[in-house]
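S.K.: Can you keep this structure in mind? I'll have questions shortly.
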Amino acid sequence: ISDAVVIARILNATLVIPELDHRSYWKDDSDFANIFDVNWFISYLAKDVTIVRRVPDKFMRSMDKPPYTMRVPRKSPPEYYLDQVLQLTKFDYRLANNIDDELQKLRCRANYHALRFTKPIQELGQKLVTRMRAMANRFIAVHLRFEPDMLAFSGCYFGGGDKERNELGEIRKRWETLTDVDADEERRRGRCPLTPHEVGLMLRALGFANDSYIYVASGEIYGGEETLRPLRDLFPNFYTKEMLANEDLKPFLPFSSRLAAIDYIVCDESDVFVTNNNGNMAKILAGR
């Protein structure tokens, strides 16, 4: 989303509130307004980019056919957009990291200031933080990416035998562009996500005692409770949003993006943040 803001600035174009992907593995039909405060987003960036909720009707009526769309190469420089772009089909990693300082500042303003969660998400996230603080003055947040699709995408092996290889192999076929990789080589090169057990061992090796309180932010864990048990055994004071929120979480359960937003708030308020994989949440929290 922050890249979309910067690209609109580069093109001197009006930005339409982004549409979120409803066809991903998560099958979450949340829209931008279900997660972020739209009015705040528009007003905060008003001096940088003109933002509208949807394409005005007068423009839609004037179109004889749908606008041309294109898919931009990953991490393209600003010059590419000025020379080539008409309308984008997606924004993830479509803009280079190394861009002009003023554009980089705009990217940060969009990411860390303009994007503010909706009131229901903010309130529940803060409620979970309060409940963690009521039990311990300090707590560790662990962002545990161990969902089936993520493991399949990594191409790594996690010790589950033929059952794991077959299940993750089937999921991996969804990405036609992925090539075969050597799972052992990926692990030797440090490219595999840590298992929950490995995360626990790492924390203990860093000196965290087994009476430390940890909050685990995660989606669907491959292998379920059996996979999580070694981490629970190492850290019995183990909590998740499901454990802390109880009935308060029900309205959010069908929506993985909103659940991730709640996790983000608790991770942001933690005293120590740990991740098993260097994904977007880890990068954004590091930038805080």
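The values are calculated or read from the model by the stated rules, or taken from the named source; none is laboratory data. Nothing here was measured: the structure is a model prediction, and the numbers come from that model. Here Cβ is always computed from backbone atoms with ideal geometry, including for glycine, and neighbour counts include all displayed protein chains. Protein only, heavy atoms only, side chains kept; ligands, DNA and RNA dropped before computing areas. Shrake-Rupley method; radii C 1.70, N 1.55, O 1.52, S 1.80 Å.
S.K.: Once the Cβ-Cβ distance between R191 and N237 is put in as r, and R0 is 30 Å, what FRET efficiency do you end up with, to the nearest 0.05?
M.R.: Plugging the Cβ-Cβ distance into 1/(1 + (r/R0)^6) gives 0.45.
S.K.: How large is log10 I(q)/I(0) at q = 0.11, 0.12, 0.16 Å⁻¹ when the Debye formula is applied to the Cα atoms of the chain, each weighted equally and without solvent?
M.R.: Summing over Cα pairs of the chain leads to -0.78, -0.92, -1.41.
S.K.: In whole angstrom, how far apart do the alpha carbon centroids of the stretch 138-210 and the stretch 270-288 sit?
M.R.: Between the Cα centres of the stretch 138-210 and the stretch 270-288 lies a distance of 17 Å.
S.K.: If you filter the stretch 148-215 for trypsin sites (Lys or Arg not before Pro), then keep DSSP loop positions with at most 10 other Cβ within 10 Å, what is left?
M.R.: For trypsin sites (Lys or Arg not before Pro) across the stretch 148-215 that sit outside H, G, I, E and B with at most 10 neighbouring Cβ atoms in 10 Å, the list reads K173, R189.
S.K.: Within the accessible area of the chain, what % is carbon and sulfur when the probe is 1.4 Å and the other protein chains stay in place?
M.R.: Exposed carbon and sulfur together represent 49 percent of the surface.
S.K.: Counting only DSSP beta bridges with both residues in the chain, tell me the antiparallel percent, nearest 5.
M.R.: 5
S.K.: Right, next: Rounded, prolate or oblate: which fits the stretch 210-288, taking a ≥ b ≥ c as square roots of the Cα gyration tensor eigenvalues, rounded meaning a/c under 1.5, else prolate when a/b beats b/c?
M.R.: Since a/c stays below 1.5, the shape of the stretch 210-288 is classed as rounded.
S.K.: Counting pairs of alpha carbon atoms under 8 Å apart in space and at least six apart in sequence, what relative contact order in percent does the chain give?
M.R.: Relative contact order comes out at 22 percent.
S.K.: List the pairs from K127/K250; K127/K241; K119/K250; K27/K127; K47/K105; K75/K283 whose alpha-carbon separation is above 18 Å, in the order I gave them.
M.R.: Distance filter (> 18 Å) returns K27/K127.
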